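One structure is given here, and the rest of the page talks about it.
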Amino acid sequence: MISFSEARAHILSLVTPTPVVRVPLSRVAGYALAHPVPASTPIPRFDASAMDGFGVHATDLAGASPDAPVRLRVLATVRAGDRPHTDPIPAGCAVKILTGAPVPTAIDAVVVREVCEETDGDVLVARAVTPGVNIRRAGEEFQPGDVVLPAGKRMTPPVIGLLATLGIHTVSVHRKPSIALVVTGSELVRPGRHLRTGQIYDANSFTITAALRELSLPAPARFFVKDDPVTLDNTLARAFQQAEVILVAGGVSVGDYDYVRGSCEAQGVISQVWQIAIKPAKPTYFGTLDSPDGRKLIFGLPGNPVSALLAFQLFVRPALLQMLGVQDTEPLMVTAELTTALRKRSGRHEFVRGVVAEHAGRLIVTPVTGQDSHMLGGLAQANCLIHFPVADDYLPADTPVCVELLNWA
């Protein structure tokens, strides 16, 4: 068997980003930047007021206090969106100014409204200020030519907002890949239909489709196949024609009806990874198929729902992110203390579903009940995976352990 780290590294070494396309800013959620984004202008573009208040000469307010407020003549009001006020503002005068309004060059500070009292065209100011206070200076965040966002940055809401702030309305990104999902199993029935004895409801098509949606990827072309090698061959052939990434749930182990690996190899797929030293998801399979329209990636996920979803999280998700051009596909890891002892057989890297929380100023992690590979109840409650190293067979309570925070998006 291949180790977890070796399997993941080998899979990602065979994944390349998709071609670059231009996408409107309104539709870029879930993509990643194909190129760095530089600032073409200063950000902010002009000196702006950070508060509602009054633009003043700081020297006019020397000694101002609640007991001895300073009276200033208010000459004008400047609002957000107004052109800059260019008239002279002599000593002893001020302008009323609102948040986001351009600051007149003649003033050097903004005093907040809360310490001011307007009266008969004047303002009484009860606090001294220093030059520059409450003014957002042009270019204080970015100067022209600064790299605002690096290539590979995912399009999160703040990233999209920053691009809008720069005036960018279309973005170069890596195209989202086409995906097919093949669900195998003669025992599977779609939810809502009647179950006969020996049948179970299909969960994998729903969990994997939901996981793809969390990544803002398009819904896959879905195929449902009984445990029949001829039908599987024909279905995989269709999937290979329609998609760049093919996900197969079930049929990847060593049972009499596990036909997926053989069917893939018979159709030209080069098997790259199979049988990984992990629990759950040991039978996970990965292969590549080079075709005239590019390399296709084939992931065989175990049929048990927890194994399928964790195989997706551990191997498929980072591969899809890498296809989108994301630079950092590593999960967020923290260290937490075990609340209860854990045991296993050595020889496999085990991913124990758990709940991590803050307690008395430190992180603790508690394994959930229901750790078998068919028990979705435990995974549904979990917010993390406890990494139980391959060489260990016992972790006592209070042991610091590596914890992978589950992030489906």
*Out of the residues in the range 33-46 that are hydrophobic (A, V, I, L, M, F, W, C) and assigned to a strand (DSSP E or B), which is farthest from V159 (Cα to Cα)?*
I43
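Each row is one residue, and each column tells you yes or no for (1) surrounded by fewer than 18 Cβ atoms within 10 Å (Cβ to Cβ); (2) within 30 Å of Q267 (Cα to Cα); (3) under 20 Å from the mean Cα position of the chain (by Cα).
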{"residue": "Q322", "(1), (2), (3)": "no, yes, yes"}
{"residue": "T335", "(1), (2), (3)": "yes, no, no"}
{"residue": "L338", "(1), (2), (3)": "no, no, no"}
{"residue": "G347", "(1), (2), (3)": "yes, no, no"}
{"residue": "G354", "(1), (2), (3)": "no, no, no"}
{"residue": "V368", "(1), (2), (3)": "no, no, no"}
{"residue": "M375", "(1), (2), (3)": "yes, no, no"}
{"residue": "Q381", "(1), (2), (3)": "yes, no, no"}
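Okay, residues lined up against (1) within 19 Å of Q313 (Cα to Cα); (2) of a type outside the set (K, R); (3) under 28 Å from the mean Cα position of the chain (by Cα):
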site	(1), (2), (3)
G167	no, yes, yes
A203	yes, yes, yes
A210	yes, yes, yes
E214	yes, yes, yes
V225	no, yes, no
D228	no, yes, no
V245	yes, yes, yes
_Subset tally (residues that are touching a residue at least 60 places away in the same chain (Cβ under 8 Å) and within 20 Å of S186 (Cα to Cα)) for the range 260-276_ = 1
_Take the conditions of a type outside the set (K, R), within 27 Å of I168 (Cβ to Cβ) and at pLDDT 95 or above and apply them to S65. Does it pass?_
no
*Which condition number does T288 fail, the rest of (1) part of a strand (DSSP E or B); (2) farther than 28 Å from H35 by Cα; (3) within 27 Å of the chain's Cα centre (by Cα) being met?*
(2)
*Could you tell me which numbered condition A311 fails, if it satisfies all but one of (1) assigned to a strand (DSSP E or B); (2) among the aliphatic types (A, V, I, L, M); (3) touching a Ser or Thr at 6+ places or on another chain (Cβ under 9 Å)?*
(1)
*Considering each of V326, V334, V355 in turn, give the residue that is touching a Ser or Thr at 6+ places or on another chain (Cβ under 7 Å) and of a type in the set (A, V, I, L, M, F, W, C).*
V355
*asked:* Show the residue pairs meeting these rules: Cβ distance below 6 Å; 6+ apart or different chains; first residue within the range 291-306 and under 18 Å from E350 (Cβ atoms) and assigned by TED's automatic domain parsing to the domain that holds G262; second residue modelled with pLDDT under 95 and among the polar types (S, T, N, Q).
replied: N304/S373; V306/S373
_Being farther than 30 Å from P17 by Cα, modelled with pLDDT under 95 and not acidic (D, E): is that true of Q371 here?_
yes
*Do we find a residue being touching a Lys or Arg at 6+ places or on another chain (Cβ under 6 Å), at negative phi and outside any loop (DSSP other than H, G, I, E, B) anywhere in the range 375-384?*
yes
*Mind checking which strands (runs of 3 or more DSSP E) fall wholly inside the range 104-217 and carry at least 3 residues that are surrounded by fewer than 19 Cβ atoms within 10 Å (Cβ to Cβ) and either without any contact (Cβ under 8 Å) to a residue 40 or more places away in the chain or among the acidic types (D, E) (or both)?*
116-119
*Which one is surrounded by the most Cβ atoms within 10 Å (Cβ to Cβ) among residues in the range 9-32 that are in the same structural domain as G294 (by TED's automatic domain parsing) and assigned to a helix (DSSP H, G or I)?*
I11
*Might you check whether a residue that is surrounded by fewer than 16 Cβ atoms within 10 Å (Cβ to Cβ) and over 30 Å from D393 (Cα atoms) occurs anywhere in the range 239-246?*
yes
*Considering A62, A76, A58, which residue is of a type outside the set (K, R) and touching a His at 6+ places or on another chain (Cβ under 7 Å)?*
A76
_Lone unmet requirement of (1) surrounded by fewer than 17 Cβ atoms within 10 Å (Cβ to Cβ); (2) at pLDDT 95 or above for P44_ = (1)
*From A151, A210, A203, which residue is modelled with pLDDT of 95 or more, among the small types (G, A, S) and in contact with a helix residue (DSSP H, G or I) (Cβ under 6 Å, 6 or more places away or on another chain)?*
A203
*Name the residues in the range 220-237 that are in contact with a strand residue (DSSP E or B) (Cβ under 8 Å, 6 or more places away or on another chain) and either closer than 22 Å to Q322 by Cβ or surrounded by 14 or more Cβ atoms within 10 Å (Cβ to Cβ) (or both), would you?*
P220, A221, R222, F223, F224, V225, D227, T231, L232, T235, L236
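The values are calculated or read from the model by the stated rules, or taken from the named source; none is laboratory data. Values in this document were obtained by computation on a predicted structure and should not be read as measured data. Every residue, glycine among them, receives a Cβ derived from its backbone with ideal geometry; neighbour counts consider all protein chains shown.
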